[in-house]
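The values are calculated or read from the model by the stated rules, or taken from the named source; none is laboratory data. Quantities reported herein were computed from a predicted structural model and do not represent experimental measurements. Here the Cβ positions follow ideal geometry from the backbone for every residue, glycine too, while neighbour counts run over all protein chains shown.
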Amino acid sequence: MAESLMDIKRRIASTKKTGQITSAMQMVSGAKLSQIEKNSIAYQQYTNKIREIVTHLAASQLIASARQKRTTKATTNGIAEQSVRHDISLSNLLVERPIKKTGYLVITSDRGLVGAYNSSILKAMVEMISQNHQSADEYAILAVGGTGADFFKARQMNLSYEYRGVSDVPSFNEVREIIKTAVAMYDSGVFDELYVCYNHHVNSLTAAFRAEKMLPITDLDVSEVTDKDQEYITEPSVDDALDAILPQYAESLIYGALLDSKTAEHSASMTAMKSATDNANNLISDLSIKYNRARQAQITTEITEIVGGAAALE
Amino acid sequence: MATEQKVLTVNIVTPSGIVYDHHATLLVVPAMAGQLGIMANHEPIITPLEIGEIRVKRTDNPAREDAIAVNGGFMEVSHNIASIVADSAERARDIDITRAQSAKERAQNAIKTASEHHNPDELRRAQIALQRAMNRINVKNHLL
């Protein structure tokens, strides 16, 4: 027997303690997951409503005409007008510039112990970048979450913004800062289109990598609208209405992505901790068998010694 | 529309879910150019909203009027459904008056420091925060 009885006993005790910690962490992640899932459902209603209204607008051709107007205006005088109510200006949301540089907003977690959550995002990102870009001048990375920021920094990829410390259940106000920075960079021409890359929460066991184009607003699916010829009155003007709606739409998309990725993070963390606890339990049962065998072996040795000793006396 | 309806469905959604969902005979919203009244069978309309008070006359109790404090956002009316989408909205009965008061004081302090430091961004933000707090207090007091 390589290990002594005491050694095995010690190992069992320490594994038990680790198992307790991981099972507690699993429960914490589970609680966070159910909390954020409740939030996500409420948020889903909001985002569906916004999407519905925006597709209505798109179907009534208001957006297309506004885009046209702005594109011609931008080429003639080149001055971007400022939005009154939001940080994003309307013309910037709509005008499609020639793509010289692409921005990626990569959402990862701040902490570890989340299984393959971070590595799957980062792997997909590296793959995507090496496929689409020849040099580092063609893209800029905005990292939300420490793991991603450290990863891109270590590889000296073009990291232009990092944000750490997103709370477990992020609020809309918290995310404002990220959105504002991303949009300001887009405005000032750091990049000409913005993708948000994150893990989409499918269910508690699976998550899928997603890269969605957020800026400029292009992918509006009007096919789901049934009455295409419905005409809207806009009060006080088309521009004012779009100026209120589209920035809010863009914000809601980014916030939605963050909420989704946080949900995936909690569920990944829960799954990772669950398998850690299971492993600890397996290890404990293996070690217990080993311990019992070792104890039995010791007893047998003692009996043999006693019997041997007694025989020697006769 | 085949049949003339007399009922307008009002729903108000924010990032934290549906705040309000009822049938109404009259809806009054703070549009950019002033108060805007919407009744059933209104033409489809889209309008941005100001920080202010939404008032709803319900069908089930015509004598009562619901008041909701809204922080901007916009409204779409089509097919007798009025959808109001806002960053945040609170029904008068849900407003916590002490929180609103402290938010007001905080905003006033922020305005003071921002104007001392000549920070126009901060000043604008604080002014909006003040406006929101005042709005909530007004809506709450309106109810009493």
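Residues are listed down the side, and each one gets a yes or a no for (1) within 14 Å of chain B (Cβ to nearest Cβ); (2) surrounded by fewer than 20 Cβ atoms within 10 Å (Cβ to Cβ):
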| position | (1), (2) |
| --- | --- |
| A:245 | yes, no |
| A:248 | yes, no |
| A:257 | yes, no |
| A:264 | no, no |
| A:267 | no, no |
| A:270 | no, no |
| A:275 | no, yes |
| A:278 | no, yes |
Of all residues in the range A:40-56, count the ones that are at the interface with chain B (Cβ under 7 Å from one of its Cβ atoms) and under 12 Å from residue B:17 (Cα atoms).
5
I need a count of the residues in the range B:81-109 that are more than 14 Å from residue B:133 (Cβ to Cβ), within 14 Å of another protein chain (Cβ to nearest Cβ) and at pLDDT below 85.
1
Heads up, the helices (runs of 4 or more DSSP H) in the range A:109-205 (entirely inside) with at least 1 residues that are under 30 Å from residue B:13 (Cα atoms) are A:172-187
Going by the structure shown, is residue A:59 closer than 23 Å to residue A:260 by Cβ and over 17 Å from the mean Cα position of the chain (by Cα)?
no
Give all pairs with beta carbons closer than 9 Å in which a residue from the range A:248-262 that is more than 24 Å from residue A:117 (Cβ to Cβ) meets a residue that is small (Gly, Ala, Ser) and outside any helix (DSSP H, G or I); count only pairs at least 6 apart in sequence or on separate chains.
A:248/B:72; A:248/B:73; A:248/B:86
Among the candidates A:233, A:284, A:289, A:306, residue that is without any contact (Cβ under 8 Å) to a residue 24 or more places away in the chain and either surrounded by 12 or more Cβ atoms within 10 Å (Cβ to Cβ) or within 14 Å of chain B (Cβ to nearest Cβ) (or both):
A:233
Being of a type outside the set (S, T, N, Q), over 9 Å from the mean Cα position of the chain (by Cα), at pLDDT 85 or above and on the phi < 0 side of the Ramachandran plot is the requirement here; does residue B:75 meet it?
yes
Could you list, in sequence order, all residues of the range A:152-167 that are surrounded by 15 or more Cβ atoms within 10 Å (Cβ to Cβ) and over 22 Å from residue A:135 (Cβ atoms)?
A:163, A:166
Given the criteria crowded, with 17+ Cβ neighbours inside 10 Å and either away from every other protein chain (no Cβ under 13 Å) or at pLDDT below 80 (or both), does residue A:148 qualify?
yes
Which one is nearest to residue A:47 (Cα to Cα), of the residues in the range B:28-53 that are more than 7 Å from chain A (Cβ to nearest Cβ) and under 11 Å from the mean Cα position of the chain (by Cα)?
B:49
